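Quick note: the coordinates plus some simple rules give every number you see, no bench work behind them. What you see is a predicted model; the values in this text were computed from it and never measured. Cβ placement follows ideal geometry from the backbone for every residue including glycine, while neighbour counts extend to all protein chains displayed.
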Amino acid sequence: METKAKKERILVVDDALDTLEVLQRNLTSKGYTVFTCSSVAEGIRILESTPVDLVITDLKMPRVNGLDMIRHVRENFKDTEVMMITGYATVQGAVNAVKTGAEEYLTKPFTDEELFASVRRTLDKLRIRMSGQYHVQETPSHLQGLIGESNAMKKIFDVIIKAASTSATVLITGESGTGKELVARAIHYNSDRASAPFIAVNCGAIPEGLLESELFGYVRGAFTGANQSRAGFFQTADQGTIFLDEISETIPSMQVKLLRVLQEKEIYMVGTSRSLKVDVRILASTNKDLLSLIKKGGFREDLFYRLNVISMEIPPLRERENDILLLAKHFTTKFSIEMGKTPPRLSDKALQVLKNYDWPGNVRELENVIQRLAVMTDGDVIDVPDLPSSMRFSALRETGLNRTLAEVETEHILNVLAGVNGNRTRAAEILRIDRKTLREKLKKIQPPPSF
């Protein structure tokens, strides 16, 4: 029983730092992998990015309490068990905890033996329950923050599980906002490297002159201002996974260095000629067509084939059938719980508008819209008038064939801008035009009529 326990992952949620420290020390001594946090909101974020077998939560916490945490786990993570601990013991509290879904209920102060026995019983129940499910090979609808029941997402989940079982490089493609980093995290946390670091690097956000030193580190005196040696992202990710987001933004000289890392499994810190061996799995992503870039000389063909051992194209949200409604309800619950509010219900008409919308910003846009609605809505129902004006305008405008090309173009540009919260760089990227062209088009656009 002890050898099995060493593979189990436990998340402890308690606003008392001394309790977190004691539980982490004691549970770690028994071989468990332990994560800690001091709020329900932070705990939910950990659950969405990291597989956890057991959540141990305090009852009384600021803003959102332990019962809400239990309810959230039960409704979103079927492979996770829950225990409650509390210093405010009442019969009704125990009843409520069990009714909400807690397997065990411990009253502070408790002995180490009581804690270990309760954890062991709860994890045993999980193993028994899961053993009865393993013979059924079902495609999950939730996977490390990824949510979907559409055929397109079921195929993605299947590839994630297969990719996680190997150490091969993976190239993840798809439009902005589709969740490429979440896919990379899911591959990492379902692999045998899950206990090691996952390092995400946005190659497009780091200036060209700094990317090499950020990735590979530098030694003291390598350049002006290098007063001490510093490890790079590759050393930090040793034994784990590095995710190179927007790999297409790297310059040719950096592509050569990345190719060497893939071939030789070694790096050179800036300012030294001595190589360092690294054991890092590389995942990469882009929202651009790398084959077109190769033809134009903008990306190395040999690096492309090194990265493209396993390829995954994440479908845009508009092609994911009813996942829009599933995600909308998930985000509504998530943000409402974070704010300590009862999740409002989305009306049938509002859901229909969400379903019909094109979502140029994909899941990121949907998440932003729902977060805004959760903050701004005071009632218990979100209806069409509560939706962003750009969406209401799209829903109500006549879509006949009597509109000019300029009118159609104007509507699409405004919808894309609304979908990315006015970010012109991202909008130009989605529209496949440069920022200057977008700026010129916006000068000619008159404000849309207000309904």
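Pairs LYS180/LYS334; LYS78/LYS108; LYS155/LYS355; LYS30/LYS155: which exceed 29 Å Cα-Cα?
LYS30/LYS155
Which semi-axes, in whole Å and largest first, does the equivalent ellipsoid of the range 267-345 have when worked out from the alpha carbon gyration tensor as the square roots of 5 times its eigenvalues?
41, 22, 11
For the range 171-267, which chymotrypsin sites (Phe, Trp or Tyr not before Pro) pass both filters: DSSP loop (anything but H, G, I, E, B) and at most 15 other C-beta atoms within 10 Å? Don't skip to the end; give the middle numbers.
Numbers: sites: TYR189, PHE198, PHE216, TYR218, PHE223, PHE233, PHE234, PHE243; in loops: PHE223.
Loop-located and lightly packed - PHE223.
Restricted to Cα positions, what overall size does the range 319-444 have along the principal axes? Three whole-Å values, descending.
Largest first, the range 319-444 extends 44, 31, 27 Å along its Cα principal axes.
Using +1 at the Cβ of each Lys and Arg and -1 at the Cβ of each Asp and Glu in the chain, identify which of THR173, LEU259, ILE247 lies farthest towards the dipole's positive end.
So the residue furthest toward the plus end is LEU259.
With the cut-off at 1.5 for a/c, could you classify the range 111-264 from its C-alpha gyration tensor as rounded, prolate or oblate?
Oblate.
Let's test the formula: R0 of 60 Å, r as the Cβ-Cβ distance of PHE223 and HIS412. What FRET efficiency results, to the nearest 0.05?
In this case the efficiency is close to 0.85.
Distance in nm between label sites at ARG74 and ASP124, each 7 Å beyond Cα in the beta-carbon direction?
Output for this residue pair reads 2.3 nm.
What lysines sit close enough to LYS265 to cross-link, taking a C-alpha to C-alpha distance under 20 Å and skipping anything fewer than 8 places away on the same chain?
Hits, sequence-local ones excluded: LYS257, LYS277.
Of all trypsin sites (Lys or Arg not before Pro) in the range 291-377, which ones are in loop regions per DSSP and have a Cβ with at most 14 other Cβ atoms within 10 Å? It would help to have the intermediate numbers written out before the result.
Numbers: sites: LYS295, LYS296, ARG300, ARG306, ARG318, ARG320, LYS329, LYS334, LYS341, ARG345, LYS349, LYS355, ARG364, ARG372; in loops: LYS296, ARG300, ARG320, LYS341.
Those satisfying the criteria are LYS296.
Going by C-beta contacts inside 10 Å, put VAL420, VAL55 in order with the fewest on the left.
Numbers: VAL420 22, VAL55 27.
By the 10 Å Cβ count, ascending, the order reads VAL420, VAL55.
Counting other C-beta atoms within 10 Å, which of HIS188, HIS330 has the fewest, and how do the rest follow?
Result, fewest neighbours first: HIS330, HIS188.
Using +1 at the Cβ of each Lys and Arg and -1 at the Cβ of each Asp and Glu in the chain, identify which of THR332, ALA152, ALA41 lies farthest towards the dipole's positive end.
Final value for the positive-end residue is ALA152.
Determine, for CYS203, CYS37, the number of other Cβ atoms within 10 Å of each Cβ, and report the residues in order from fewest to most.
So the ranking, lowest neighbour count to highest, is CYS37, CYS203.
Which one of VAL52, LEU283, ILE10 has its Cα pushed farthest toward the positive end of the charge dipole of the chain, where Lys and Arg give +1 and Asp and Glu give -1 at the Cβ?
LEU283
What shape does the range 1-88 have by the C-alpha gyration tensor, where a ≥ b ≥ c are the square roots of the eigenvalues, rounded means a/c under 1.5, and otherwise prolate means a/b greater than b/c and oblate the rest?
On the way: a/c = 1.87, a/b = 1.24, b/c = 1.51.
The shape class here is oblate.
When DSSP beta bridges are limited to those with both residues in the chain, what percentage is antiparallel, rounded to the nearest 5?
15 percent
Given a Förster distance of 56 angstrom, what is the FRET efficiency for ILE294 paired with GLU113, based on the Cβ-Cβ distance and rounded to 0.05?
With a Förster radius of 56 Å, E is 0.35.
Quick one: P(r) of the range 237-277 from all Cα-Cα pairs, 10 Å bins, percents rounded to integers, in order of increasing distance.
24, 56, 20
Counting only DSSP beta bridges with both residues in the range 142-313, what percent are antiparallel, rounded to the nearest 5?
That works out to approximately 25 percent antiparallel.
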